[in-house]
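The values are calculated or read from the model by the stated rules, or taken from the named source; none is laboratory data. Computed from a predicted model, the values in this text were never measured in an experiment. Because the Cβ atoms are built from the backbone with ideal geometry, glycine has one as well, and the counts that use them run over all protein chains shown. Ligands, DNA and RNA are excluded from the accessible area calculation, which covers all protein heavy atoms including side chains. Shrake-Rupley method; radii C 1.70, N 1.55, O 1.52, S 1.80 Å.
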Amino acid sequence: MQVEATTKRAEHDRSVKVVRSSMKVWPYLFALPFVVLYFAFHFYPVLYSFWLSLHDWNGVGRKTFIGLRNYATLLTKDPLFYKALYNTVMIMIMSVPAMILLGMVLAYVIFQLAKGRVFFQTMNFLPYITTPVAIGFIFSFMFDWQTGIVNNMLLKLGLLAEGLQWLQDPLTAKMIIAMMIVWRNLGYFMTIYLAGMTAIPQDIYEAARVDGSTGLHTFTRITLPLLRNITVFLIVTSIIGGLQLFDEPKLLYGGWTASTSGGPDNAALTVIWKFVNDSFITGTRFGYGAATAYMLFVIIVLFSIVSYRIGSGKEEKA
């Protein structure tokens, strides 16, 4: 009897081990489709594009290995790359601080409302879900020098003697693109800041009121420091998105056509727009386009690290 009990116990232990081992396998099986799709459509293309950047290839013939020649040409013999990078950075400088400041102020104003908060949140968030094509049409019509509402309004107010060609000046072209970005993304920034303000414990504000803190003093001394992490997150993500700018300038000046024009004096040409021109429009230079994409990746990493370090350094000092 003792031997039979020992045998049954051993069989039971083995069955339990089998069940436990099978249970350990199930999470991997459920995660397998995502892993396979990630490697197939994300990781492999990243590696392939780097390998392609080391070749000269037009997409049809045989690939010719040229090493780092594409990178050398891009950095030493292509002034248009630096022009596109300068435009991208300037538009980003014009738009990112405005989105941070206006998004924070707008969120604080809505946060103080007792009624109508949902309505104003919805109205300010609608531009974020508007298609870029519609935004391009709206701003191109607004700043048209003949029939645009901006020129007509300024002429009626007597501020202008004749209509200005807003879209044909390099500086105003960048400013209009920055306005498009701010108008579209302001609702997103407002929502993120509003969520951060909602998460702040109300006990802190009550204690501040007991100590005699006013609205502006409470905002600058309590709300802003507690929203520092959110601000760093928004700055980093804005830099990453800003360096990949393509939709707004392309729709404002290129539309859906195969136009390579980057606006007046290429003032609206961005790095991604140049990448598209080099890869698919002007010469189908896939290797050179891949090198441009990887250089942009390096620039994005450097900008992100610097901005994160600056934000973290301020937080540690505070």
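One Cα centroid belongs to the stretch 62-78, the other to the stretch 107-132; the line between them spans 48 Å. Rounded to 0.05, the FRET efficiency of the residue 63 and residue 147 pair, given R0 = 45 Å and the Cβ-Cβ distance, is 0.35. Rolling a 1.4 Å probe across the protein heavy atoms gives the chain an accessible surface of 61 Å² per residue. Suppose R0 equals 30 Å. What FRET efficiency, 1/(1 + (r/R0)^6) with r the Cβ-Cβ distance, do residue 133 and residue 240 give to the nearest 0.05? Here the calculated transfer efficiency is 0.85. Rounded to whole numbers, the Karplus 3J(HN,Hα) couplings from phi for the stretch 155-170 are 5, 5, 7, x, 7, 10, 8, 8, x, 8, 8, 4, 7, 9, 9, x Hz, using 6.51 cos²θ - 1.76 cosθ + 1.60 with θ = phi - 60°, and x at Gly and Pro.
Return, ordered by residue number, the residues of the stretch 142-183 whose backbone nitrogen is under 20 Å from a label point located 7 Å along Cα→Cβ of residue 86. Counting only backbone N, you get 167-178. What FRET efficiency comes out for residue 119 versus residue 218 if R0 is 25 angstrom and r is the Cβ-Cβ distance? Round to the nearest 0.05. Once rounded, the FRET efficiency stands at 0.50.
In this structure the amide hydrogen of residue 55, modeled in the peptide plane, comes within under 5 Å of the amide hydrogens of 66, none closer than 5 places in sequence on its chain.
Can you compute the charge dipole magnitude of the chain about its Cα centre, using +1 on each Lys and Arg Cβ and -1 on each Asp and Glu Cβ, nothing else charged? Give it in debye, rounded to the nearest 20. Each step should come with its number before you reach the end.
Working: 25 positive and 17 negative charges, 159 e Å.
Dipole size: approximately 760 debye.
The sum of -39500 (n - 2.57) across all DSSP H runs of n ≥ 4, divided by the residue count of the chain, sets its helix-only mean residue ellipticity at 222 nm to -22500 deg cm²/dmol.
Couplings for the stretch 226-235, taken from phi via the Karplus curve 6.51 cos²θ - 1.76 cosθ + 1.60 with θ = phi - 60°, read 6, 9, 4, 4, 5, 5, 4, 4, 5, 5 Hz in order; Gly and Pro are left as x. Only protein atoms count toward the accessible area here, which uses a 1.4 Å probe; on the chain, the carbon and sulfur part of that area reaches 69 percent.
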